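For reference, the structure is listed below as structure tokens.
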Amino acid sequence: MTGAADVAAVPVLELVGIRAGYGTIDVLHGVDLTVHSGQVVALLGPNGAGKSTTLAVASGQIRPTSGSVKILGREVNGVSPDKLARAGVCTVPEGRGIFPNLTVSENLRMATYSGAKFKDVQERAFAQFPRLKERHNQLAGTLSGGEQQMLSMSRALATNPALLMLDELSMGLAPLIVEELYSHVAEFARQGLSILIIEQFAQAVLGVADSAHIMLHGRIDRSGPPKEIAEILAAAYLGMS
């Protein structure tokens, strides 16, 4: 019989030996990555390191050429993104993925395709991000960058996902806004949500992450606690060995 402790021990996301790429060219070369329940995992690295390809594999957008993708212990290689979304995998893509010509409320209504009630989606979004309530009739494309990220996360959370994946949350945003967004990320994790964050800029995410990985050339180069990874990155930035 499987007990509660056994269920809790099963990773929400597990990538094992993932090789994947585009056409005949592999970008990922044996990636192993695990996200447990209620955990914030940061995947860091420069442009071209393979971070977004890793996210595309985890979300079903790219099928790996070898290796295994598991969601809650079940292998999902080849499962379509829409089926993974219904299974609780949700992605906020780079560029935020909102409908700029719809209002804030209309964007939230689009998130009810999964069967959630619009009233519940809207109330939850406005409770988490009061600024969205103030702008509920405003076109999403006219919101600030930080407000657009708030809207993107609200749409994602409407599905009550088991795993939320965020791609470059801080891109183009002022440090104070990034800090505010990551405080929300930390709160989501405290509520039990598992979160994988892809970032080029490490400082903000390492403040809320439980573990972190540095990716280089399609491989996980270093893994460890955020403080240890921050020290490695600082040493690399300063040109130290």
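Only the coordinates and a few stated rules stand behind these numbers; no lab work does. Predicted model only: the values in this text are computed from it and were never measured. As a convention, Cβ positions derive from the backbone with ideal geometry for all residues, glycine included, and neighbour counts pool all protein chains shown.
Out of residues 5 or more away from residue 66 or on other chains, whose amide H comes under 5 Å of its own, with H placed 1.01 Å from N in the peptide plane?
19
Considering only the chain, what is the antiparallel percent among its DSSP beta bridges, to the nearest 5? Please report the intermediate quantities before stating the final value.
On the way: 21 of 39 bridges.
Rounded to the nearest five, the antiparallel share is 55 percent.
Based on the mean of other beta carbon atoms within 10 Å per residue, what is the order of 133-139, 40-46, most packed first?
Ranked from most to least packed, the peptides come out as 40-46, 133-139.
Kyte-Doolittle cut-off 0.0, length cut-off 27 Å along the helix's own axis using Cα: show which whole DSSP H helices in the chain pass.
none
Around residue 216, which amide H atoms from residues at least 5 apart in sequence, or from another chain, sit under 5 Å from its own amide H, with H modelled in the peptide plane?
Residues meeting the criterion, in which the H sits 1.01 Å from N, are 221.
Could you tell me which label, among [x] 50, 50, 40; [y] 42, 39, 37; [z] 51, 49, 36, carries the value of Cα extents along the principal axes in Å calculated for this structure?
[x]
At a 10 angstrom cut-off on C-beta neighbours, averaged per residue, how do the peptides 92-103, 206-217 rank from highest to lowest? List each step's numbers first, then the result.
Working: 92-103: 16.0, 206-217: 20.0.
Peptide ranking by packing, descending: 206-217, 92-103.
Per DSSP H run of n ≥ 4, the term is -39500 (n - 2.57); total these for the chain, divide by its residue number, and report the mean residue ellipticity at 222 nm rounded to 500 deg cm²/dmol.
Mean residue ellipticity, 222 nm, calculated: -10000 deg cm²/dmol.
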